[in-house]
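The values are calculated or read from the model by the stated rules, or taken from the named source; none is laboratory data. This one's a predicted model, so the numbers in the text were calculated from it and none came from an experiment. We place every Cβ from the backbone using ideal geometry, glycine too, and count neighbours over all the protein chains shown. These accessible areas exclude ligands, DNA and RNA; they are computed on the full protein's heavy atoms, side chains included. Shrake-Rupley method; radii C 1.70, N 1.55, O 1.52, S 1.80 Å.
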Amino acid sequence: MTSLRFSSFSTGTGLSPPNVRITRCPKPLFVRCSNGDASPPSMADSSDFDAKVFRHNLTRSDNYNRKGFGRKAETLDLMNQEYTSDIIKTLKENNYVYTWGNVTVKLAEAYGFCWGVEHAIRLAYEARKQYDDEKIWITNEIIHNPTVNKRLEKMEIKDIPIKDGEKQFDVIDKGDVVVLPAFGAAVNEMLTLKNKQVQIVDTACPWVSKVWNSVEKHKKGDYTSIIHGKYSHEETIATASFAGKYVIVKNMDEKFKYAISKDFNPDMDLVKAGVANQTTMLKGETEEIGKLLDKTMMRKYGVENIKNHFISFNTICEATQVRQDAMYKLVDENLDVMLVVGGWNSSNTSHLQEIAEDRGIPSYWVDSEQRVGPGNHITYKLMHGECVEKRNWLPKGHVTIGVTSGASTPDKVVGDVLMKVFEIKREEIN
């Protein structure tokens, strides 16, 4: 029997009681994949169904688009108008450091929108222009940022309704347009959409597809995929749908109810294992999980046989990694406080907050400027999900603030948060 035992990470937060109140953060709805009414529930799960071949054929069909509609210049110009910030522009023009009155801001050298996010938003904008009269649906939030998602709502790109934890694909008619988000979509969902004969606009990030290719290799070699990720995250759900046998591991001590494949048997299914990961996880944590598995397999089967029992692919998104590297560099600076800006359900943003918290820096993760104020008050989220309200979070006098943002966060949102900070400090002077 192969036994894998995960030890725990430290999860301390160290709050200061007097000005702090723990509140409830809104939790993202956990939605399991469903087939809708267009295909038998077991089709994508049957032994003779080849997910890789299905995806290959789908991407070459006439109803599928992942490159856009020739409207790149005009949509990028519109996005530039809606999502840029003069404050961020000033910081970049001044080597990422600038002082406004009694506030010095140090911006991480890598932050905000990555190529994959920009690409996803652009394709959604292009789709709205291309199909100006058709109904357009989206299978999940296109990215984890409330500002962008609300903008798409105003453009009448509608979420597929959810009932009892399942998406109601029956609202979609033949000829409708359906956008797949940057996280990708599960095989069952893509199969349902194909059978409904809709126009599919696929905005999935290439790094996500790279992970799917990794678990396909695991499956081909009869390896169980150890997926480092969050089991309810859209990207991990999609990745698991392409895997054969799998176990989803968030960290070294989390236990799961839904995070193993059907009929999983640890005695049989952990003889051969391969590591893959949700693209937005911390690279160091993925490596720790990989090292543990590597050592376990070497003890069980011998060093000389390790290649027959364990494989690992680095599928951390490059943009995620450079943002984490920039954050590690920033927290070594002399900072009074740290601001992390990004959606509260954004995985890559949560890990930026984690880096600051681990260094013991007072760090505040907000999803918009609405979390700052009125007065010297802030509502923010900790890396493990707690929502916190704090009074007098900004120190008196001159303050040096480190700032970063998740890969799905527009510059404008960061700029708007900083404007609230400047207002608080101006009131202090007055």
**Request:** Output the number of the condition that Glu288 fails; it satisfies all remaining conditions of (1) of a type in the set (Asp, Glu); (2) surrounded by fewer than 16 Cβ atoms within 10 Å (Cβ to Cβ); (3) at pLDDT below 90.
**Result:** (2)
**Request:** Scan (1) β-branched (Val, Ile, Thr); (2) open to solvent by 30 Å² or more (accessible area, probe 1.4 Å); (3) under 24 Å from the mean Cα position of the chain (by Cα) for the single condition Thr90 breaks and write down its number.
**Result:** (3)
**Asked** Is one or more of the residues making up the stretch 72-80 touching a residue at least 40 places away in the same chain (Cβ under 8 Å), open to solvent by 70 Å² or more (accessible area, probe 1.4 Å) and more than 12 Å from Asp411 (Cβ to Cβ)?
**Response** yes
**When residues of the stretch 194-241 are limited to those that are in a helix (DSSP H, G or I) and of a type in the set (S, T, N, Q), the one surrounded by the fewest Cβ atoms within 10 Å (Cβ to Cβ)** = Asn213
**Prompt:** What are the residues in the stretch 41-60 that are of a type in the set (Gly, Ala, Ser) and either modelled with pLDDT of 95 or more or open to solvent by 70 Å² or more (accessible area, probe 1.4 Å) (or both), if any?
**Reply:** Ser42, Ser47
**Request:** State whether one or more residues within the stretch 175-188 are free of Cβ contacts under 8 Å to residues at least 60 places away in the same chain, open to solvent by 50 Å² or more (accessible area, probe 1.4 Å), over 20 Å from Phe242 (Cβ atoms) and over 20 Å from the mean Cα position of the chain (by Cα).
**Result:** no
**Request:** Residues being part of a loop (DSSP other than H, G, I, E, B) and in contact with a Lys or Arg (Cβ under 9 Å, 6 or more places away or on another chain): count how many of those fall in the stretch 70-119.
**Result:** 12
**Pick from the stretch 140-170, criterion part of a helix (DSSP H, G or I) and open to solvent by 50 Å² or more (accessible area, probe 1.4 Å), ranking: farthest from Asn63 (Cα to Cα)** = Thr147
**Complete:** Picking from Arg359, Arg323, the residue that is within 25 Å of Met281 (Cβ to Cβ) and free of Cβ contacts under 8 Å to residues at least 60 places away in the same chain would be Arg359
**Given (1) more than 25 Å from Val388 (Cβ to Cβ); (2) touching a strand residue (DSSP E or B) at 6+ places or on another chain (Cβ under 9 Å); (3) part of a helix (DSSP H, G or I); (4) not acidic (Asp, Glu), number of the condition Lys300 does not satisfy** = (2)
**Prompt:** So, of the residues in the stretch 396-410 that are touching a Phe, Trp or Tyr at 6+ places or on another chain (Cβ under 6 Å) and under 14 Å from Leu91 (Cβ atoms), which turns out to be surrounded by the most Cβ atoms within 10 Å (Cβ to Cβ)?
**Reply:** Thr404
**Item:** Unmet requirement for Thr315, which otherwise passes all of (1) among the hydroxyl-bearing types (Ser, Thr, Tyr); (2) open to solvent by 50 Å² or more (accessible area, probe 1.4 Å); (3) not in a helix (DSSP H, G or I)
**Value:** (2)
**Request:** Please work out if Tyr83 is touching an Asp or Glu at 6+ places or on another chain (Cβ under 7 Å) and open to solvent by 20 Å² or more (accessible area, probe 1.4 Å).
**Result:** no
**Request:** Among the residues of the stretch 392-416, write down those that are closer than 14 Å to Asn145 by Cα and assigned to a helix (DSSP H, G or I).
**Result:** Asp411, Lys412, Val413, Val414
**Asked** So which of Val372, Val303, Val366 ends up being out of contact with any Lys or Arg (no Cβ under 6 Å at 6 or more places or on another chain), within 16 Å of Val403 (Cβ to Cβ) and either at pLDDT 95 or above or surrounded by fewer than 20 Cβ atoms within 10 Å (Cβ to Cβ) (or both)?
**Response** Val366
**Conditions (1) assigned to a helix (DSSP H, G or I); (2) without any contact (Cβ under 8 Å) to a residue 60 or more places away in the chain; (3) open to solvent by less than 10 Å² (accessible area, probe 1.4 Å): number failed by Arg122** = (3)
**Item:** Selection from the stretch 135-165 of residues that are more than 15 Å from Trp344 (Cα to Cα) and among the hydrophobic types (A, V, I, L, M, F, W, C)
**Value:** Ile136, Trp137, Ile138, Leu152, Met155, Ile157, Ile160, Ile162
**Asked** Within the stretch 258-281, is even one residue assigned to a helix (DSSP H, G or I) and either open to solvent by 60 Å² or more (accessible area, probe 1.4 Å) or hydrophobic (A, V, I, L, M, F, W, C) (or both)?
**Response** yes
**Prompt:** Is it the case that some residue within the stretch 126-133 is in contact with a Lys or Arg (Cβ under 6 Å, 6 or more places away or on another chain) and assigned to a helix (DSSP H, G or I)?
**Reply:** yes
